[in-house]
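The values are calculated or read from the model by the stated rules, or taken from the named source; none is laboratory data. Predicted model only: the values in this text are computed from it and were never measured. Reconstructed Cβ throughout: ideal geometry from the backbone, glycine too, with neighbour counts over all protein chains shown. SASA here: full protein model, heavy atoms, side chains in, ligands and nucleic acids out. Shrake-Rupley method; radii C 1.70, N 1.55, O 1.52, S 1.80 Å.
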Amino acid sequence: MRAFLALLWLAAAFTASPVSRVVNLIREMRAKIVADEKAEQQVYDRYACWCEKTTTRKAKDIEDARTKIGELGSEISAKKGKLATLGAALQGLMEGIEDNEIEMHNATTLRARQNAAFQHEKSELSEAIESLEHGLHVMTGKPTSADLVAVANQLRQAVEASPNPLPTAQAESVHKILSQVSLAQTGSKYDPQYKMIQGILEAVHETLKENLETLVGEEKTQQETYEGFMDTKTTELVDDRATILRKHGNSADATDALTLAAADLAATQQQLEDDEQFFADSKTACEEKATEWETRQSERVD
């Protein structure tokens, strides 16, 4: 400014015509300087406005990214926990299915042994009953000594075939008859009591029939118990397998969601890093530009 006044003073010292030319030149120079200052001020103002808006926006972007990263971290932890829970549930279901299959196999094996034993005992009891019926038929006629021996042998075999012991009284009577028949075979005197023998045969025959009925009833109960057990276990297997399929689907969905969340987290972290770098660079550049502008303004005043 002082230099400008000095020029005006010098211009006044010249003659009118040269002075006018100098004054006009100075005025033109002043107008140009003012115009340049205005243009520079506009450029700087636009830049300063950009700095303010950009740093404000980036500061918010950084804050939002940090919030999002925290939320994604919590979401990922929750999804990992869900996957772990699903994995444990699936493991438990698969172990349960394996246990059920073992139990069903063991039950089937036991049922087969029980049925085999039943068939064997039933066959022996049926034969013994048939044999006693034959003996009763013999006793209704006029049995010979040989017939009595045959009947006694049939009675012995029937008693041995019975899965359950005879009542005490029957057992004693049978033993007595068998002993007497045995003595008769050795030549000892034997006075057969046909009616008593027939009565014993009938009693043993009735007992064996009852034993057979009991045996058949027990087999029926065991079969019904087995079928009920197998139905229950089959239903459990079907339900468990359906649950496994459903949980596998849930696990796949959770895995996909976890993958997406992890990818989102990585992208957000990278964006945060870029935004922080851009914010720092922009802030530095804006501060340097502001310092330069202040220096330029100060120099113009001087």
- Kindly list the number of the only condition in (1) open to solvent by less than 40 Å² (accessible area, probe 1.4 Å); (2) out of contact with any helix residue (DSSP H, G or I) (no Cβ under 6 Å at 6 or more places or on another chain); (3) closer than 30 Å to residue 256 by Cβ that fails for residue 78. (1)
- What number of residues within segment 92-138 are in contact (Cβ under 8 Å) with a residue 40 or more places away in the chain and acidic (Asp, Glu)? 4
- Report whether or not residue 291 is open to solvent by 60 Å² or more (accessible area, probe 1.4 Å), of a type outside the set (Asp, Glu) and either closer than 30 Å to residue 113 by Cα or touching a Phe, Trp or Tyr at 6+ places or on another chain (Cβ under 8 Å) (or both). no
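Return yes or no: is residue 245 touching a residue at least 40 places away in the same chain (Cβ under 8 Å) and among the hydrophobic types (A, V, I, L, M, F, W, C)?
Working: touching a residue at least 40 places away in the same chain (Cβ under 8 Å): no; among the hydrophobic types (A, V, I, L, M, F, W, C): yes.
So residue 245 does not fit the description; no.
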- Answer residue from segment 262-284, given it is open to solvent by 40 Å² or more (accessible area, probe 1.4 Å) and touching a residue at least 40 places away in the same chain (Cβ under 8 Å) and is farthest from residue 48 (Cα to Cα) among those: 262
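So is residue 210 at pLDDT 95 or above and either under 29 Å from residue 106 (Cβ atoms) or out of contact with any Lys or Arg (no Cβ under 6 Å at 6 or more places or on another chain) (or both) or not?
Numbers: at pLDDT 95 or above: no; either under 29 Å from residue 106 (Cβ atoms) or out of contact with any Lys or Arg (no Cβ under 6 Å at 6 or more places or on another chain) (or both): yes.
No.
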- Looking only at segment 63-78, decide whether some residue is in a helix (DSSP H, G or I), more than 26 Å from residue 274 (Cβ to Cβ), under 40 Å from the mean Cα position of the chain (by Cα) and at pLDDT 90 or above. yes
- Message: Going residue by residue through segment 45-57, is there one that turns out to be in contact with a helix residue (DSSP H, G or I) (Cβ under 9 Å, 6 or more places away or on another chain), in a helix (DSSP H, G or I), within 30 Å of residue 241 (Cβ to Cβ) and open to solvent by 90 Å² or more (accessible area, probe 1.4 Å)?
- Response: no
- Query: Just wondering, is there one or more residues in segment 113-127 that are farther than 23 Å from residue 211 by Cα and of a type in the set (Lys, Arg)?
  - Reply: no
- Note on the structure: Flagged in segment 233-261 as open to solvent by 80 Å² or more (accessible area, probe 1.4 Å) and not polar (S, T, N, Q), in numbering order, are 238, 239, 241, 245, 246, 248, 253, 256, 260
